[in-house]
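Structure, as structure tokens:
Every number in this text was worked out from the coordinates using simple rules, so none of it is lab data. Everything quoted here is computed from the prediction, not taken from an experiment. Positions of Cβ are backbone-derived with ideal geometry, glycine not excepted, and every protein chain shown enters the neighbour counts.
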Amino acid sequence: MSLENEIKDLIISSLDLEDMSADDIKDDEALFTTGLGLDSIDALELGMAIKKKYHITLSDDKEKNKQYFYSVSTIADLIRSKTNDK
């Protein structure tokens with residue numbers, strides 16, 4: 001399974017989006033506001049799930065985190081950069 005698909009499954013499971021499948025989430029689609037329409041509470045839950053699963057530390061900089069969490073692709077890039085899993 002690709003890292004992007006793992007992230008999609010993590011989004012679905014950690015945010016209780018049972019009515020969605022990984023195929024419903026596009027890699028480059030915005031996750032917040034537009035696109036998938038997630039909100040700040042979802043961001044916190046997703047951030048915690050990512051930190052737990054991939055053992056990475058997220059930035060304290062809210063603007064950087066907005067960039068990291070823009071899409072599945074940007075989250076995957078962050079995880080790869082933090083875990084050297086290229």
From the coordinates shown, P(r) over Cα pairs in 5 Å bins from 0, in percent corresponds to which of [x] 3, 15, 29, 31, 17, 6, 1; [y] 3, 14, 18, 19, 17, 12, 8, 5, 3, 1, 0, 0; [z] 2, 14, 18, 17, 13, 10, 9, 7, 6, 3, 1, 0 | [x]
So what is the relative contact order of the chain, in percent, for Cα pairs below 8 Å that sit 6 or more residues apart?
-> 32
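Assuming 0.36 nm per residue, please report the length gained on full extension of the stretch H55 to E29 beyond their Cα-Cα distance.
Here the segment from H55 to E29 would lengthen by 6.9 nm.
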Run the quick spin-label model on M48 and L17: label points 7 Å from Cα toward the beta carbon, then report their separation in nm to one decimal.
-> 1.8
9 Å beta-carbon shell around S71, net charge (K/R +1, D/E -1) | -2
Length gained when the stretch D77-S40 is fully extended (0.36 nm per residue, less Cα-Cα span) = 11.2 nm
Note on segment 10-53: C-alpha Rg/Rh, Kirkwood Rh, two decimals, gives 0.93
For the chain, with the dipole built from +1 on Lys and Arg beta-carbon atoms and -1 on Asp and Glu ones, taken about the Cα centre, which of L44, L31, I11 lies farthest toward the positive end?
-> L44
Fewest first, what order do T74, T33, T83 take by the number of other Cβ atoms within 10 Å?
-> T33, T83, T74
